[in-house]
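Worksheet: one structure, shown below.
The values are calculated or read from the model by the stated rules, or taken from the named source; none is laboratory data. Remember, predicted model here, so these are calculated numbers, not experimental data. Methodologically, a virtual Cβ is constructed for each residue, glycine included, from the backbone with ideal geometry; neighbour enumeration extends over all protein chains shown.
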C-alpha cells in the first residue's frame, strides 16, 4: 500500500500534473506498468513549438526550487517568452516512486532506473503530450545535468542548446563512493528494514546521518568558515551556531523525504554515463553533441569540481566552460546568493540568444 | 577487562616503550590513574640535549608511519643527527586507551582527552624521562599538527622550530562536522553497543562505513580520477578496480582498530583550539609563538585546505607557508609519493638549518 507522505504533494511542492506514459520498460530490465511523470509547466508553447525549455530535476529535488528560484519574468528562464517544462525525475517522490508504486514494484521492489530511462520518458512525454520535437534548451543541475548530458548525446537533433550545471556526463569514481556513503547512512538504520517501513520517521536516524554527510560534502569548507549560514533565512526558525544550522535546516530538509526514493535516485546517480552509447568511449559520445553547449561547474563544488567538468567540456565541439561562483559549493544550486543567480542568468540568457 | 587487540602490539606496529606518568588529571576533569605513553625513539640525545625532535601522532596513526616513511639516515629526520621521539597520542591504542584501560575508565568510561592533555603529558615525559627542556623541532601531521600548534603556543620557550603538516591550530566547523560523520558511522552500529563490545569485529559494519567516508574526504577527487591507486602496492593483495582498492586497502586499514580509541581521538580532534589559552582570541594565541614556524598544508586536502592553514600562518610572526603537493589529499601523509616526501624533506631540512 502506498505511503501517504504529505511532503510529496502540491500543497508542499507547488502545482504539478501527473502524465501517464503507460507501460515503461527500463534499461536494466525492469518494467513500470504505468509510469507517471510529475510535470510542472510555465508559460505557453508557441505555434511553431520552438520555444520549449526542458528542466530535469536533481537528487532529492523537485520542480519547486526551479519554480521559486530560477523561473520568472525578466529572468533568463522567462515564462513570458518560453514554454518551460520541469519534469520530476522518476523515483523522486512525485513521479512514480517506490512509495507511490503498488504491487511488485512497491517499496524495495522498485526496479533500477537509469538516467537514460528518464530521458527516454521525457522525450516521449514532450512528443506525445505537447507535440514538441525540438528543445530550445535543456538545462539542469547535478543529476539534472546528468540528464541534460544524456539528452545532448542521445538525441542530438532534438537539443538546440544545453546547459549542464554542476554535473558530469560520466559519473566519477569519487562520486560513486560519495553517493554510496549517503546510501549506507540510510540502509544501515535498522528502521529501514530492507526497504519495508511505514513512514520516513521510521528511518529518522538514517536520514539524519544522510543529511549530516551532505553538510560536509554538499556545502564547502568556505561556507562553514565564513558562517555563510548566518545570512540564510527561513520562516519560523533561526540558528545562532553552525550546529543549529545543521540541525534546523539541513536535517529537516531531508527528514520528510522517502528513504527508498533517495536510494532509487542515488543508484541512478552512481551510474550516469553517456559513454554507454559508444561502448565506453567518452570522447566519441561527447563528440556526438551538436547542441550549443555551456558547461557550468560551481567553483567551490567538492564533488563535481570544475576540473572534472572541464575535461568533459573539452570533448564537446564548440562548447564553452563557464565557471559559476558560490561559497555554498554544490548546494549553491539552491540559489542562496543573488550574485550566483545573476551570473547564471547571464550565461543562460547569452546561450538562449545564440543562433542555432 | 582490557581487550587483547593484536593490532596494537610491537609485532604489528614496530618497537616502542611504555613510559608511566602516574596519575594524570585531564583538562575536562577526568583522571587517568596511571597514564602510559607509548614512545618510540630513534637516534641518541646529545650531551647538550639540544638535538631532540618531537613527533606527535595523527588520528588512527601510530609511530609506525613515521618510522617507516619519514625517519632515516640522509633524510631530514635523521637519527644519526637527531634524537627523535615519537609519542603516540593518548587514546590511540598504544598509549593508554579505552580498550587497554581498566576499572572506571575502561571502554565507554574513558574520560574526554584534549590536545592540551597530550601536550602536557609529552612535556612531562620529555623532561622527566630524558631531561629535555627545549626541542629543536616539533613536527606533526593532522592531529599531530594540532599538537604541534598547541606546543608552540603553550610552551613557546621550549619549541625552537615547528612544522605543522596538514592541520590547523583551531579546528574548523567543517572539520567538526566531518569528524562527527566518522564518529556516527561507528556509534550507529548496533554492535558498538554504547562502547561495550568484545572485539573490533563486533563493530565491523561501523568501521567499514567509517573507512568509506575516509575514502571520499580523506583522499581527493583527483586521486580517484587519476586512478592513483593502481600504483600503490601492498604485499599479498592486489586490486584492479577502485572498489577493490577501497575494499582491500582502506577498509582493512581501519578494520583492526579499536572503535572506542577512534572515538576518543575524534572527540579530541573536534576540539583542537589554541585560542583556549587566550579567551578565544586566535590572533593573540598565535602571536605568542616564537618558534621558527613552517606551515605545510597539502594542496589537494579536502578538509584542511591550504587557505584555512594560510589564514593561521599569517598570524604567526615570521612564519612561512609551504604548500605540499599530493594527489592523495590528506592521505598524502602516508607518503605514497616520492615527490611529496622529497618536497617535505626539503622544507624540514631547511627549517632545521635555520639559526634560532
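Overview of values
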{"item": "Restricting the range B:306-338 to residues that are out of contact with any strand residue (DSSP E or B) (no Cβ under 9 Å at 6 or more places or on another chain) and within 11 Å of chain A (Cβ to nearest Cβ), the residue that is surrounded by the fewest Cβ atoms within 10 Å (Cβ to Cβ)", "result": "B:307"}
{"item": "Count - residues of the range B:218-237 that are within 13 Å of another protein chain (Cβ to nearest Cβ) and either assigned to a helix (DSSP H, G or I) or surrounded by fewer than 16 Cβ atoms within 10 Å (Cβ to Cβ) (or both)", "result": "10"}
{"item": "Selection status of residue B:174, outside any helix (DSSP H, G or I) and closer than 30 Å to residue A:206 by Cα", "result": "no"}
{"item": "Residues located in the range A:60-83, provided they are farther than 18 Å from residue A:162 by Cβ and touching a helix residue (DSSP H, G or I) at 6+ places or on another chain (Cβ under 8 Å)", "result": "A:60, A:61, A:62, A:63, A:64, A:65, A:69, A:75"}
{"item": "Enumeration of residues in the range B:188-205 that are assigned to a helix (DSSP H, G or I) and more than 8 Å from chain A (Cβ to nearest Cβ)", "result": "B:191, B:192, B:193, B:194, B:195, B:200, B:201, B:202, B:203, B:204"}
{"item": "In the range A:218-237, the residues that are touching a helix residue (DSSP H, G or I) at 6+ places or on another chain (Cβ under 8 Å) and more than 19 Å from residue A:340 (Cβ to Cβ)", "result": "A:237"}
{"item": "Residue count, the range A:243-270 (criterion: over 30 Å from residue A:149 (Cα atoms), surrounded by fewer than 21 Cβ atoms within 10 Å (Cβ to Cβ) and within 14 Å of chain B (Cβ to nearest Cβ))", "result": "5"}
{"item": "Sole residue being in a helix (DSSP H, G or I), facing chain B (nearest Cβ under 10 Å), over 15 Å from residue A:264 (Cα atoms) and in contact (Cβ under 8 Å) with a residue 24 or more places away in the chain, chosen from A:185, A:215", "result": "A:215"}
{"item": "Conditions (1) farther than 20 Å from residue B:40 by Cβ; (2) in a strand (DSSP E or B): number failed by residue B:150", "result": "(2)"}
{"item": "Failed item, numbered, when residue B:116 is tested on (1) assigned to a helix (DSSP H, G or I); (2) in contact with a strand residue (DSSP E or B) (Cβ under 8 Å, 6 or more places away or on another chain)", "result": "(2)"}
{"item": "The range B:281-301, residues that are surrounded by fewer than 23 Cβ atoms within 10 Å (Cβ to Cβ) and within 14 Å of another protein chain (Cβ to nearest Cβ)", "result": "B:282, B:299, B:300"}
{"item": "The range B:12-30: number of residues that are in contact with a strand residue (DSSP E or B) (Cβ under 9 Å, 6 or more places away or on another chain), over 16 Å from residue B:124 (Cα atoms) and in contact (Cβ under 8 Å) with a residue 60 or more places away in the chain", "result": "2"}
{"item": "Conditions (1) more than 18 Å from the chain's Cα centre (by Cα); (2) not in a loop (DSSP other than H, G, I, E, B); number of the one not met by residue A:315", "result": "(2)"}
{"item": "Residues (more than 10 Å from chain B (Cβ to nearest Cβ) and buried (at least 23 other Cβ atoms within 10 Å of the Cβ)) located in the range A:162-181", "result": "A:162, A:163, A:164, A:165, A:166, A:167, A:168, A:169"}
{"item": "Test for residue B:243: is it under 24 Å from residue B:168 (Cα atoms) and without any contact (Cβ under 8 Å) to a residue 24 or more places away in the chain", "result": "no"}
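Each row is one residue, and each column tells you yes or no for (1) surrounded by fewer than 19 Cβ atoms within 10 Å (Cβ to Cβ); (2) touching a helix residue (DSSP H, G or I) at 6+ places or on another chain (Cβ under 6 Å); (3) in a strand (DSSP E or B); (4) not assigned by TED's automatic domain parsing to the domain that holds residue A:291.
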| residue | (1), (2), (3), (4) |
| --- | --- |
| A:58 | no, yes, no, no |
| A:94 | no, no, no, no |
| A:133 | yes, no, no, no |
| A:144 | no, no, no, no |
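Conditions (1) closer than 29 Å to residue B:330 by Cβ; (2) buried (at least 19 other Cβ atoms within 10 Å of the Cβ), marked per residue:
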{"position": "B:8", "(1), (2)": "yes, yes"}
{"position": "B:11", "(1), (2)": "yes, no"}
{"position": "B:44", "(1), (2)": "no, no"}
{"position": "B:67", "(1), (2)": "yes, yes"}
{"position": "B:73", "(1), (2)": "yes, no"}
{"position": "B:86", "(1), (2)": "yes, yes"}
{"position": "B:90", "(1), (2)": "yes, yes"}
